[in-house]
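Scroll down for the structure; my scribbles are underneath it.
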Amino acid sequence: MATRVADREFWREVLVTGGSTTIPRWTLRPTAGADEHEAVIPDDVMNALRRLAKDLMMPLHSVMLAAHAKVLAALSGEHDVTTGCVVEEGGRPLPCRLTTAPTSWRALLLDTHRVASELLSHKDFPVDELRRELGLTEPPIETVIHPNPAFGPCPAGVADDLAEDTVLRVAFSEHKGRSTLRLRYRTDVVDADYAARIAGYHLTALALVAADPDAEHARQSLLSDEELRLQLEGLSGPRRTLPDARMHELFEQRVKLHPHAVAAVHGDREWTYQELNARANRLGRALLARGLRREGVVAVVTERNLDWMAAVLAVFKAGGVYLPIEPRFPADRVAAMLSRAACGLVLTEPGSTDSLDQALDSLPDVQKLLVGTAYDEGDRDDDPGVAVAPDQLAYIYFTSGSTGEPKGAMCEHAGMLNHLYAKIEDLELDVGEGQVVAQTAPQCFDISLWQLLSALLVGGRTLLVEQEVILDVQRFVDRIARGRVAVLQVVPSYLEVVLAYLEQHPRELPDLRCVSVTGEALKKELTQRWFAAEPGIKLVNAYGLTETCDDTNHEVLDRVPDRERVPLGPPVNNVHAYVVDERLSPVPLGAPGEIVFSGVCVGRGYVNDPVRTERAFMPDPHRAGARLYRSGDHGRWLPEGKLEFLGRRDTQVKIRGFRIEIGEIENTLLQVPGVRDGAVVVAERPDRSKRLVAFYSGPGPLPVEDLRGRLGESLPEYMVPSAFHWRERLPLTANGKTDRRALAALVEEPDVAEGDEKGPHAPGTPTEQRLAAAWAKVLGVPQAQIDRRTHFFDRGGTSLSAVQLVIALDRAVSLKDVTRHPVLADLAALVDGRSDRRSGLLQSLCAPDGAPTGALVCFPYAGGNAVNFQPMAKALHGSGIAVYAVELPGHDVAAESEPFASMADVVAQVVAEIVERGLSGVLLWGHSSGAAFAVEAARQLHEHGVEVRRVFIGAQLLGDAADRRDAVTELTGMNDAEIAAKLSADGGYAELHELDARRAEHIGAAYRHDCVSAHRYFADLLDAPPAVKLSVPVTVVVTTDDPITAGHSRRHRDWELLAAHVDLHELAEGGHYFPRSCPTEAAQVVLRAAEPLPSS
């Protein structure tokens, strides 16, 4: 039987780790209440499971629990899941964390049995009391399992009621020889069909275990054949038979029906169907005369005008492939596109050839043909009549690539035509002839094509809107109204501009029936404003990719959507969309996964780019002969049969060695009240280090500290932008998307939200002004953004920039001074002698507002300093804990000269300072080599009668004496420069290369000194363990992705050589230097794993 101490340590680990697993919400008619579903487990399955459980020497309920874990993992899209588990008859559910990482069913069963056994052995401990003692709130446990059939049916009281947070309870029971699975579920969360589906997943999991316990379970699907058919076929777009003709041939039919109807308008020019067709035919014949062959690529380099429209049709008519190139593209980019696409012909016009001519200098085999010249050649303007197959290439659009080189997406005629008809049907262009479609998008943007051509298939008219009109919203709205536009497509950020104008200048738009938005996420707030201003005009949220012939999903809105996120909508005609796992198997309905596409919409790949084509395009494993495209977008199905977008997988950057998802920051920014639109860009400081800068629009500027605070609540410190800029509206690209390049160019402008330097908090004294100038230079922000209240580290300062500040100020301050006085006015007072410099090694990083409830003292890793703990201290602000960090002598690289101190001297001085300050409720944190200092400090503080509540050992295992002495030999055999070179590639020293050689070598020397001190200290203890162990509890804190602490689940127990009570806290990620990379998570370890601190 487990001891009470062991019980406590077990449940402390479970509670601190926490976690909650949610299941999909799947009901169209949520109603309060609960219902049940019961399913019989086949006898042959149960008999096989009993035999397997006997062979593995485990109870049957461990098998049931493993199946349940597999189901939860499938429903949540997570490998690690948490459920409530009832381990004794009539007992309360206990939190149970399981993993489906083991590859085979057998391995999964064994791991689950281990967890179930631990749960059972610790079941009698008062978990709720410990949770309250630790100050933890109870996380919601959505699912509960009664895995033991021996318990029999659930008691009536339990069966009829679900706990407040529980949405699903699963029970296995055996009664009169019949094994059953019984589900109790909340009807406001899932409906009866979905409950039956979840029961089916459990039955399938059990059957798979019984059939082959050695199978790789990750490759096996829990979905029934019926659900698989629903996902692969039932949720696809409606089947529509496309005309057996190409787009240009259908246009030619329209020419015969109404030759004199106006087909296109641009400015004061207009062409009839007959005129447009004749012009296109002349151009097409000119291309054929120059040797254009089947699928020969023709680049069109013109302005958006009527000749551009004729040129596009001409390329199709001649059997060629249309390649749009904007005249203002740089010559290098033009040349790269022409070369990659193996383009042989270019159609252009005078005034659009500057960059083109430069590009063609390096491409002598490419022919240039002026549109005017082609018009004048020959007299024939009848249709060329070239045969074009449905699977023939129609166009190539280049999109940005993650490597920096554009990718040319190739799409076929059938896919293009399918998209055109989807637009015609869903945007109601076929309600009558004469419908006007606005053409607003630049040529290089794939949405330009349907805007240009769709009206021609229904006898409508295309209105080409000039770019200068688009840039003047008043003129744009006027043009839409006077042009009697029925259908308009813009990106959400430009719709915001249009809507803001209409809100200030209301006017009737009687012909406008539908506005399609695409290219960016459509926020619900924008739909609310739109329907408040224009209740009679529909919005269509259009989603798709260039590689899938543009839009694949249309969400047609005639009112504000009920959901918080605007759905992407159902797939359009003939489009197959799946949500899949990493093996391309459909995930359960409602579960998150990657969105992939199949069917006529999927393009042929990237032109002359087999490597990138192979990564994204592949045969559809579910439909023979079909191509599949992996979008890289993540989403899930909704009960309405629509897709919901959840985010991208590849919008990542690295700053100071930390991987950052820009989209995550932007999504958090958009949740701040008063922020209408937002974008985050990466800017470069004068020292070439990188920082994040946020731009936002809204009714007015917001206090920057409020913005930082809101983002800091859910993002780690390194993901909070160092500057925030308010703009009435964000700049847009020619495509109408947020112009990130323009934003990057604006980062040097003063932050309107912070006011200018003439405000009441502007630096006033000469010293304050001198410091503000130095801070601005070091931090890479405008000086107008620095005021007397500015906190150096909150503004983006790092340990390196603190060193650079000391150097910039010609050592008027030390690194200790900056750490102790990070607010500009306080540091200026220190320089002016208006406040005293406090000697000592302890640097105060975080002081509570009132009386402290405890004190955390941190010892840095080798070569580090007190500043390294600033992010964690910030995360602990408001907790009541005072945070101190030790500034090791000789570690200030900006100081003239200071000798290193022995570990014994450092610990003795720190202990003396703790005693002198009268610190109580002491917690010690030693990171990596700093663990030696923390362990020795704990021993000496005990001798001085100071109570130490807990010692945290970060990123360090005890190891053995021989390895530590070998490390000492290796380090003492290296010079300072060699150590510095090795450290510069390390995540904790990522900025080392930005120091000069002398200072970098100084850090190398400090690193050696600290490591050698720690290795010798621990080697001596390993050789001669202490007679009396530390009585203070020790928590070993590691991350799963730190190779230095590999094997920690077993090896952390080695610390029991030195301490009586040792537990382990594992963070999911963060590397070796996690107090910097994951400060919030590290702070939570302190708050949750520490003994409750005394209240003052």
(message) Looking only at segment 169-190, filter to residues that are in contact (Cβ under 8 Å) with a residue 40 or more places away in the chain and not in a strand (DSSP E or B); which one of those is farthest from Ile145 (Cα to Cα)?
(response) Asp188
(message) Please list, ordered by residue number, the strands (runs of 3 or more DSSP E) wholly in segment 195-301 having 3 or more residues that are crowded, with 18+ Cβ neighbours inside 10 Å and of a type in the set (Val, Ile, Thr).
(response) 297-301
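I'd like to check something: does segment 35-51 contain any residue that is β-branched (Val, Ile, Thr) and within 31 Å of the chain's Cα centre (by Cα)?
No, because not a single residue in segment 35-51 is β-branched (Val, Ile, Thr) and within 31 Å of the chain's Cα centre (by Cα).
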(request) Would you mind stating whether Leu499 is more than 32 Å from the chain's Cα centre (by Cα) and aliphatic (A, V, I, L, M)? (result) no
(request) Report, by residue number, each residue of segment 602-645 that is touching a strand residue (DSSP E or B) at 6+ places or on another chain (Cβ under 7 Å) and on the phi > 0 side of the Ramachandran plot. (result) Gly605, Gly632
(message) Is it the case, given these coordinates, that Val935 is of a type in the set (Val, Ile, Thr), surrounded by 24 or more Cβ atoms within 10 Å (Cβ to Cβ) and assigned by TED's automatic domain parsing to the domain that holds His891?
(response) yes
(request) Say whether the condition of being surrounded by fewer than 17 Cβ atoms within 10 Å (Cβ to Cβ) and under 16 Å from Arg950 (Cα atoms) is met by at least one residue in segment 1030-1045. (result) yes
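How about segment 910-938: which of its residues are in a strand (DSSP E or B) and either without any contact (Cβ under 8 Å) to a residue 40 or more places away in the chain or not small (Gly, Ala, Ser) (or both)?
Here is the first cut: in segment 910-938, the ones in a strand (DSSP E or B) are 922-927.
Those that are in a strand (DSSP E or B) and either without any contact (Cβ under 8 Å) to a residue 40 or more places away in the chain or not small (Gly, Ala, Ser) (or both): Val922, Leu923, Leu924, Trp925, His927.
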(message) Being in contact with a strand residue (DSSP E or B) (Cβ under 7 Å, 6 or more places away or on another chain), closer than 22 Å to Ala500 by Cα and at pLDDT 85 or above narrows it down to one residue among Pro721, Pro701; which is it?
(response) Pro701
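Residues checked against (1) more than 26 Å from Glu666 (Cβ to Cβ); (2) modelled with pLDDT under 95; (3) out of contact with any helix residue (DSSP H, G or I) (no Cβ under 6 Å at 6 or more places or on another chain):
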{"site": "Arg507", "(1), (2), (3)": "yes, yes, yes"}
{"site": "Glu525", "(1), (2), (3)": "no, yes, yes"}
{"site": "Cys549", "(1), (2), (3)": "yes, no, no"}
{"site": "His554", "(1), (2), (3)": "no, no, no"}
{"site": "Ser598", "(1), (2), (3)": "yes, no, yes"}
(request) Output yes when any residue across segment 888-902 is farther than 30 Å from Gly709 by Cα, assigned by TED's automatic domain parsing to the domain that holds Thr1035 and in contact with a Cys (Cβ under 9 Å, 6 or more places away or on another chain), and no when none is. (result) no
(message) Within segment 681-694, does at least one residue satisfy the condition of being modelled with pLDDT under 85, of a type in the set (Gly, Ala, Ser) and buried (at least 19 other Cβ atoms within 10 Å of the Cβ)?
(response) yes
(message) Among the residues that make up segment 151-165, is at least one of them of a type outside the set (D, E, K, R), modelled with pLDDT of 95 or more, out of contact with any Gly (no Cβ under 6 Å at 6 or more places or on another chain) and closer than 17 Å to Thr22 by Cα?
(response) no
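For (1) part of a loop (DSSP other than H, G, I, E, B); (2) in contact (Cβ under 8 Å) with a residue 24 or more places away in the chain; (3) of a type in the set (A, V, I, L, M, F, W, C), each residue gets a yes or a no:
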| residue | (1), (2), (3) |
| --- | --- |
| Tyr421 | no, yes, no |
| Gly434 | yes, yes, no |
| Ala455 | no, yes, yes |
| Glu496 | no, yes, no |
(request) Can you run down the residue pairs with Cβ atoms below 6 Å, 6 or more apart or on separate chains, where the first is in segment 607-624 and touching a residue at least 60 places away in the same chain (Cβ under 8 Å) and not assigned by TED's automatic domain parsing to the domain that holds Val321 and the partner is surrounded by 12 or more Cβ atoms within 10 Å (Cβ to Cβ) and β-branched (Val, Ile, Thr)? (result) Val607/Ile396
(message) Looking at segment 1037-1059 only, could you name the residues that are farther than 19 Å from Trp925 by Cβ and not in a helix (DSSP H, G or I)?
(response) Thr1040, Asp1041, Ala1046, Gly1047
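Yes or no, residue by residue, for (1) surrounded by 15 or more Cβ atoms within 10 Å (Cβ to Cβ); (2) more than 30 Å from Ala1083 (Cα to Cα):
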site: Glu13; (1), (2): yes, no
site: Pro24; (1), (2): yes, yes
site: Ala48; (1), (2): yes, yes
site: Leu52; (1), (2): yes, yes
site: Asp55; (1), (2): no, yes
site: Ala66; (1), (2): yes, yes
site: Ser76; (1), (2): yes, no
site: Thr83; (1), (2): yes, no
(message) Condition first: within 33 Å of the chain's Cα centre (by Cα), surrounded by fewer than 24 Cβ atoms within 10 Å (Cβ to Cβ) and among the charged types (D, E, K, R). Can you find one or more residues in segment 469-484 that meet it?
(response) no
(message) Let me spell it out: the conditions are (1) of a type outside the set (A, V, I, L, M, F, W, C); (2) within 25 Å of Val517 (Cβ to Cβ); (3) in a strand (DSSP E or B), and Ser598 meets all of them except one. Which number is the exception?
(response) (2)
(request) Considering only segment 585-595, state which residues are modelled with pLDDT of 95 or more and part of a loop (DSSP other than H, G, I, E, B). (result) Ser585, Val587, Pro588, Leu589, Gly590, Ala591
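Yes/no per residue for (1) basic (Lys, Arg); (2) buried (at least 17 other Cβ atoms within 10 Å of the Cβ):
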{"site": "Arg507", "(1), (2)": "yes, no"}
{"site": "Cys514", "(1), (2)": "no, yes"}
{"site": "Thr518", "(1), (2)": "no, yes"}
{"site": "Gln528", "(1), (2)": "no, no"}
{"site": "Gly536", "(1), (2)": "no, no"}
{"site": "Thr548", "(1), (2)": "no, yes"}
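The values are calculated or read from the model by the stated rules, or taken from the named source; none is laboratory data. All of these numbers come straight from a predicted model, not from anything done at the bench. Cβ sites come from the backbone with ideal geometry, for glycine too, and all protein chains shown count toward neighbours.
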